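The structure under discussion appears below in the form of structure tokens.
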Amino acid sequence: MNAALVIIFGTIIFSSLLGIYAGRRVKMNLENWTVGGRRFGIILIWLLMAGEIYTTFTFLGASGWAYSKGAPAFYILIYGTLAYTVSFFLLPEIWKIGKRYGLHTQPDFFIKIYDSRTLGVLVALIGVCSIIPYLQLQLAGLGFIVEVASNGAFSSHLAIGISFLLTCLFVYTSGIRGAAWVSIIKDIMMIVAVGVVGIGVPSIYFGGFGKMFKALIAQKPHHLVLPGSTAQMDLLWVMSTVLLTGLGFYMWPHIFSAAFSAKSAKTMKRNAIVMPFYQIPVLFVFMVGFTALLVIPDLKNGDLAFLALVNKTYPSWFMGFVGAAGAVTAMVPSSVLVLFASTLLAKNVYQAGFNPRASEDRVMRLSRFLVLVITTCALIFALFFPSALVNLLLMGYDGVTQFFPGVVFGLFWKRVTRIGVLSGLVAGISIVALLVLGRHDPFLGMNAGFVALVVNVVFTLGVSFLTKPLNWRIVKAK
Amino acid sequence: MQKGTKLALILAALPFISLVFALPLVNRIEPVILGLPFILFWIVSWVILTPVILLGAYLLEKKFNVPEEEDKQ
């Protein structure tokens, strides 16, 4: 048994136990399971949001982008900041509607605002299709991190299997509360790992990040300005991508619903103020990617940059710590993804689409059962067909962002109609599929999802003007 | 729209202007400030300024908006 293995295994077990413990003495109904009884204060909300948002991509993807693409990686730093600014205005309003009508999910919101179950089912299906590949990506990331960090002692398949059965277990027992609690461990470990490595490696190899940048500017100045070391990710791409992802950020069904867990609209506003500070660790991750480019320039897979540099620099027990941090960093977002994929299917596809008379208790039991089904499906995909869902993954962000016009107009524009939103959504999704599957992304230098969003807005506005307006009292009722 | 929300929206437009529309103007390495290439320094500064801006927006809303029933909880 090596030290790394003990640390990784111990962390996975301990986190899961904490997640299960979080749900004790809470009577599990749909309200408690999905939105924590709407009682989360600023700390739990912050933990939950950060837990969902900062995924394995923060570890591997951001350093990998800095390593192989260079300046286009900076988009990651920008879009989160824009998203928090949007959330300051949007989430408190979403929370109020959620509280007033006892909503649990994003399709619930569409069903209530637009009085349309068809729209709800469509939103739920698009949501689930975007969530499953994202979940699989987390699984794959977890396996990859643990296998590399334990130096092969803990195989990728075994790591995925164990940690996901345990994740499944704490979602089943504790719901959203479990995710928020495990997030405590996740956030602490991730910040320590990223902080130590991000400040450490530039100092160890160059005597500070300023000197590291000096060396990089001398060797590869083009890497640090757009389009970096890519051919297509120029200014227009970054600008359209940060607009798309900044607006689409809270349209992910699991992140949208997290807004309902807050105890007040004010909590959501305060949370929006503090969230941007969470972007600072991303800067450290970039430092690691850039240092890796100078120290180990010949990696075939850029996503290895973070782990390879840690492996070269630190003792194996610290590598184990990084592996453990990576594992919980995958487990927390996954738990929420599984939770909402199941609830969307049970509540918004089964109940809203096929059986409106189903009791809440029945929906709850079905949701819990679907946790097992969805985890199993994602496991099968991750273990045996790792590239089967790659097209869906490419479309995920572009797809969920198409909800944005429906949400914003629904809250703030009296003239919007359900047919308008429906046609905008269908047009947007069609353009996404056409451009992404036809390999036309970027399109005219812009992110294809952004092009689709513009078409979506045009359709929503145009068709809304041509059709009979909604009953606005749903939003404005007191 | 209430006055406080209007003022808050104007303030919140700042990160969008500087982090999206001003990017073509800052896409360069020189001058290197605090060890960071200029484009990165620019982005990081706005990441740090944004919470301050949002706090300002929060205070403006508090000062000028008449609170709704649901805001009081």
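Computed quantities for the displayed model
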read-out	value
Check on A:I204, surrounded by fewer than 19 Cβ atoms within 10 Å (Cβ to Cβ), facing chain B (nearest Cβ under 10 Å), in a helix (DSSP H, G or I) and of a type in the set (A, V, I, L, M)	no
Per-region count, the range B:32-53, residues part of a helix (DSSP H, G or I) and either closer than 20 Å to A:M275 by Cα or within 8 Å of chain A (Cβ to nearest Cβ) (or both)	15
Residue within the range A:180-194 that is crowded, with 19+ Cβ neighbours inside 10 Å, touching a Leu at 6+ places or on another chain (Cβ under 8 Å), in the same structural domain as A:R39 (by TED's automatic domain parsing) and of a type in the set (D, E, K, R) present	yes
So A:S63, is it closer than 30 Å to A:T291 by Cβ, in the same structural domain as A:H222 (by TED's automatic domain parsing) and crowded, with 24+ Cβ neighbours inside 10 Å	yes
Residue count, the range B:14-31 (criterion: at the interface with another protein chain (Cβ under 7 Å from one of its Cβ atoms) and surrounded by 15 or more Cβ atoms within 10 Å (Cβ to Cβ))	7
Failed item, numbered, when A:Q219 is tested on (1) buried (at least 22 other Cβ atoms within 10 Å of the Cβ); (2) of a type in the set (S, T, N, Q); (3) within 14 Å of chain B (Cβ to nearest Cβ); (4) out of contact with any strand residue (DSSP E or B) (no Cβ under 7 Å at 6 or more places or on another chain)	(1)
Check on B:A8, buried (at least 19 other Cβ atoms within 10 Å of the Cβ), more than 7 Å from chain A (Cβ to nearest Cβ) and on the phi < 0 side of the Ramachandran plot	yes
Residue tally, condition surrounded by fewer than 21 Cβ atoms within 10 Å (Cβ to Cβ) and in a helix (DSSP H, G or I), over the range A:31-45	6
Candidates A:I255, A:I273, A:I280 - the one that is among the aliphatic types (A, V, I, L, M), in the same structural domain as A:Y101 (by TED's automatic domain parsing) and free of Cβ contacts under 8 Å to residues at least 60 places away in the same chain	A:I280
Residue in the range A:361-371 that is buried (at least 19 other Cβ atoms within 10 Å of the Cβ), among the small types (G, A, S) and out of contact with any Cys (no Cβ under 9 Å at 6 or more places or on another chain) present	yes
Among residues of the range A:107-129, those that are surrounded by 23 or more Cβ atoms within 10 Å (Cβ to Cβ) and either of a type in the set (G, A, S) or free of Cβ contacts under 8 Å to residues at least 24 places away in the same chain (or both), counted	3
Any hit, the range A:50-66, residues being within 12 Å of chain B (Cβ to nearest Cβ), under 21 Å from A:V400 (Cβ atoms) and in contact with a helix residue (DSSP H, G or I) (Cβ under 6 Å, 6 or more places away or on another chain)	no
Candidate set from the range A:241-296 (those that are facing chain B (nearest Cβ under 10 Å) and assigned to a loop (DSSP other than H, G, I, E, B)); member that is surrounded by the fewest Cβ atoms within 10 Å (Cβ to Cβ)	A:K263
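The values are calculated or read from the model by the stated rules, or taken from the named source; none is laboratory data. The structure presented is a predicted model; accordingly, all values stated were derived computationally and were not measured. Note that we place each Cβ from the backbone using ideal geometry, even for glycine, and neighbour counts take in every protein chain shown.
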